[in-house]
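Here's the structure we're looking at; comments come further down.
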Amino acid sequence: MKTLIAYASKTGVVEKCAKMLAEKLPGVEICNLRRGATNPADYDCVVVGGSIRAGALSPETALFLDQCRDTLLRKKLGLFLCCGADDQAEEAFSRNIAPELLAHAAVHMAFGGELNLDGAHGLERWMMKFMRKSAEKEGTLMHLFPERMDAFAAALEKEEA
Ligand SMILES: Cc1cc2nc3c(=O)[nH]c(=O)nc-3n(C[C@H](O)[C@H](O)[C@H](O)COP(=O)(O)O)c2cc1C
């Protein structure tokens, strides 16, 4: 089975998740959507990932889902998000992803999030430093849930193509 993991990442966190997930699935090719999209028609299974910022999905991920919707509806599909507000992840899925894609997906899951200062510059870096400081103070610093990636891979492998 040929699997594509297509993702968009602003500061490298979604990319890290895409690579971690790739190690758990056979026959994977990875596509960074910020560098251009690959045709999902060439794969049996497609995993699409992005992050949530100010409530919105990474624009490149949203565009890929929109432009490839008909093809994706004929594939085994997995969807993942990186987001800091884990309790609002389901809402983020339903607000940002077309209901038919969400219903068709064999699995959709939030992998948590990180504030990666190394990947950020200028005003964004400043904002992230501020967000990190306040979260540290309140004990609410976001983090990834690597164990969910195992569950995600298992759910995809279980689902018939
Ligand atoms: C400026 C900014 C805004 C964010 N907005 C949200 C948000 O609205 N909801 C949420 O759950 N997480 C939010 N996050 C957390 C990101 O989804 C998280 O940092 C994610 O890991 C980013 O991944 P990426 O940089 O690889 O795209 C925000 C992070 C930043 C830096």
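Any read-out appearing in this document is the output of simple, stated calculations on the displayed coordinates, not a laboratory observation. These numbers were taken from a predicted model, which means no experiment stands behind them. When we count neighbours, we look across all protein chains shown, and the Cβ atoms used for this are built from the backbone with ideal geometry, even at glycine.
Couple of notes before you dig in:
- Taking the Cα centre of region 3-154 as origin and assigning +1 to Lys and Arg Cβ atoms and -1 to Asp and Glu Cβ atoms, the resulting dipole is close to 360 debye.
- Qualifying aspartates and glutamates (Cα of each under 17 Å from Cα of LYS10; at least 8 residues distant if same chain): GLU60, GLU114, ASP118, GLU124
- With one equal scatterer per alpha carbon and no solvent term, the Debye-computed log10 I(q)/I(0) for region 3-154 at 0.10 1/Å reads -0.33.
- Whole-Å semi-axes of region 103-161's equivalent ellipsoid (Cα gyration tensor): 33, 13, 9
- For the chain, the relative contact order is 24 percent, taking Cα pairs closer than 8 Å that sit 6 or more residues apart in sequence and dividing their mean separation by the residue count.
- Leading residue at positive end of dipole, region 1-155 (Cβ point charges), from LEU33, LEU141, HIS108: LEU33
- Within region 85-108: backbone nitrogen closer than 13 Å to the LEU73 label point (7 Å, Cα to C-beta): 98-105
- Measuring between their Cα centroids, region 12-42 and region 113-143 lie 25 Å from each other.
- Gain in span if fully extended, SER94 to ARG34, counting 0.36 nm per residue against the direct Cα distance: 19.3 nm
- Set of lysines with alpha-carbon distance to LYS137 below 20 Å, sequence-local pairs under 8 removed: LYS129
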